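Participant: First the structure, then my questions, so here it is.
Just so it is clear, none of the values below were taken in a lab; they were calculated from the coordinates. Treat the numbers as computed from the prediction; the structure is a model and nothing was measured. Heads up, the Cβs are rebuilt from the backbone with ideal geometry, glycines too, and the neighbour counts pull from every protein chain shown.
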Amino acid sequence: MKQLIAAFLLLFLAISATVLASPSAVRFAHLDTNMDGSISFVEAKQDKELLRQFTDLDEDNDEMISKAEFENFKP
């Protein structure tokens, strides 16, 4: 019974985290196809608007958009 309750709680937490994730975080995760925590120029090609803003968003000019830099993205 305890295992069933623990499994239910884990499932509930997983669902809650998905529901509570911000649209920006979900979009970032979708674009970060290799899951390295940043969006490369190649990954940005999936989204025309992101590609258009890429240079402006890449504040440190490392040719990657970090999660912090992505917060300035205006879809």
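Participant: Name the long-range amide H neighbours of Ile65: under 5 Å, sequence gap of 5 or more, or other chain; modelled H, no Pro or chain starts.
Facilitator: Ile39, Ser40
Participant: Taking 0.36 nm per intervening residue step and subtracting the Cα-Cα distance, what contour gain separates Val42 from Lys2 on full extension? Mind showing how you got there, number by number?
Facilitator: Values: separation 40, 0.36 × 40 = 14.40 nm, distance 4.68 nm.
That pair, Val42 and Lys2, stretches by 9.7 nm at full extension.
Participant: Sticking with this one: Using all alpha carbons of the stretch 22-75, what is the percent of pairwise distances in each 10 Å bin, ordered from the shortest bin to the longest?
Facilitator: Calculated P(r), rounded to whole percents: 29, 64, 7.
Participant: Let me ask something else. Considering the zone a paramagnetic label at Asn72 would reach in this model (a point 7 Å from Cα along the Cα-to-Cβ line), which residues of the stretch 38-65 have amide N under 11 Å from it?
Facilitator: Flagged as within label range: 54-61.
Participant: Per residue of the stretch 47-64, in order, report the coupling 6.51 cos²θ - 1.76 cosθ + 1.60 (Karplus, θ = phi - 60°) as ³J(HN,Hα) in whole Hz, putting x for Gly and Pro.
Facilitator: Values per residue, Gly and Pro as x: 10, 4, 5, 5, 4, 5, 8, 3, 4, 5, 6, 6, 5, 9, 6, 9, 6, 9 Hz.
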